[in-house]
Amino acid sequence: MTEPSTTAAVQAAAHRLAVAAASGQPCAPVRGFIGRHDLEAAYAVQQQRVEDRLAAGATIVGRKIGLTSAAVQAQLGVDQPDFGVLFDDMSYDDGAAVPFDAVLQPRVEAEVAFILGADLAEGELDLDQVRAAVDFALPALEICGSRIVDWDISFGDTVADNASAGAYVLGADRVRLETVEPREVEMVMRIDDEIVSTGTGAACLGDPLLALQWLARQARELGSPLRAGQVVLSGALGPMRPVAPGATVTAEISGLGSVSVRFTAEPTSSKPVKEDA
């Protein structure tokens, strides 16, 4: 049973993040409530925020994996990735214009996305099973966002903040794994025609499919396995970069094609604010 003090801390952290999301004003870190490395408490905060979104009418469409880079893990003093939840109002079409205020403190990274064709709920969840469950892969841009002011995050902060999820853009090309090996892809990301990030599939936990396998096992252990039809953002192939209003971001991933997004200065209007995740 969760101790009352821990429950109060989780609720306080979730409330702080909720206020930041609703107001559009970044908040102080939540590690003062839950600690820097308390995984159970951090994911409890994330789950509270997820339940709030679901109660407000949002629908879960997939997951995102974060901290797949060894360098970023070392920076935050951890030895494993984290994950967050993707909601239906987080997605944009390839080439879309995204209001700059749709995600708090936006930063963009290029990734391999997977669409599942089968559940990952039973069996050993070995790499062959995970590969077979993938319907197709696509190039993706994740627009990461932080409700924490100035991205002043510890591992606990980013996990609690839904793994710093904001929004995402999927490319138009759907590629079967028979024709591409995710660990071998090469990525180039540009902001306004300037190369700002490069990397390979091997930079994502050694193989984006290994990242997917890690997530499948974690999700099942927590009682919410990955399901057919869900999208999984497998993790960055290169460094994440900040963006400004008016910027156009394009990523090219060998074997998968390209994906782009443009950030406008116009405020969010008809589409719900993405950072409330």
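Derivation of every value follows stated rules applied to the coordinates shown; laboratory data play no part. What you see is a predicted model; the values in this text were computed from it and never measured. All Cβ positions, even for glycine, are placed from backbone atoms using ideal geometry, and neighbour counts span all protein chains on display.
For Cα pairs less than 8 Å apart in space and 6+ apart in sequence, what is the mean separation divided by the residue count of the range 22-98, i.e. the relative contact order in percent?
The normalised contact order for the range 22-98 reaches 25 percent.
List the relative contact order of the range 146-277 as a percent without decimals, with contacts defined as Cα pairs under 8 Å and 6+ residues apart.
Once divided by the residue count of the range 146-277, the mean separation gives 29 percent.
Assign one of three labels to the range 140-277, namely rounded, prolate or oblate, based on the Cα gyration tensor with a ≥ b ≥ c the square roots of its eigenvalues; rounded applies when a/c is under 1.5, prolate when it is not and a/b is larger than b/c, and oblate otherwise.
oblate
In deg cm²/dmol and to the nearest 500, what is the mean residue ellipticity at 222 nm of the chain if only DSSP H runs of at least 4 residues count, each as -39500 (n - 2.57), divided by the residue total?
-8000 deg cm²/dmol
Quote the relative contact order of the range 4-264 in percent (integer), defining contacts as alpha-carbon pairs under 8 Å separated by 6+ residues.
That works out to 27 percent.
For the chain, with the dipole built from +1 on Lys and Arg beta-carbon atoms and -1 on Asp and Glu ones, taken about the Cα centre, which of ALA251, TYR168, VAL50 lies farthest toward the positive end?
VAL50
Among ILE148, ILE115, ILE195, whose mean-square fluctuation peaks in a Gaussian network model of the chain (Cα, cutoff 10 Å)?
Greatest mean-square fluctuation among the candidates belongs to ILE195.
With +1 on each Lys and Arg Cβ and -1 on each Asp and Glu Cβ, and nothing else charged, work out how big the dipole of the chain is about its Cα centre, in Debye to the nearest 20.
In total the dipole reaches around 440 debye.
Can you tell me the FRET efficiency between ASP79 and ASP126 if r is taken as the Cβ-Cβ distance and R0 is 22 Å, rounded to the nearest 0.05?
Approximately 0.50, to the nearest 0.05.
How far apart, in nm, are two points set 7 Å out from the Cα along the Cα-to-Cβ line at GLU186 and at ALA56?
4.3 nm
Shape of the range 177-246 from its Cα gyration tensor (a ≥ b ≥ c, root eigenvalues): rounded if a/c is under 1.5, otherwise prolate when a/b > b/c, or oblate?
Prolate, since a/c reaches 1.5 and a/b exceeds b/c.
Within 10 Å of each candidate Cβ there may be at most 16 other Cβ atoms; applying that plus a DSSP loop requirement, which GluC sites (Glu not before Pro) in the range 151-218 survive?
Passing sites in the range 151-218 are GLU178.
Please report the orientation-averaged projected area of the range 40-130, defined via the convex hull of its C-alpha atoms, in nm².
Mean orientational projected area (the range 40-130, Cα hull): 8.6 nm².
Name the helices (complete DSSP H segments) of the chain with a Cα length along the long axis of 15 Å or more and a Kyte-Doolittle mean of at least 0.5, or state none.
Helices passing the filter in the chain: 4-23.
Using alpha-carbon positions, what is the distance between the centroids of the range 203-253 and the range 114-141, in Å?
The range 203-253 and the range 114-141 have Cα centres spaced 12 Å from each other.
Between GLU266 and ILE195, how high is the FRET efficiency from 1/(1 + (r/R0)^6) when r is the Cβ-Cβ distance and R₀ = 25 Å? Nearest 0.05.
The pair GLU266/ILE195 has a calculated efficiency of 0.35.
Tell me the label-point distance for the pair ARG174, ALA202, using the 7 Å Cα-to-Cβ offset, in nm and rounded to one decimal.
Going from the ARG174 label point to the ALA202 one covers 3.1 nm.
Anyone know which of ALA265, ALA203, ALA56 comes out most mobile in the 10 Å Cα GNM of the chain?
Of ALA265, ALA203, ALA56, the Gaussian network model singles out ALA56 as fluctuating most.
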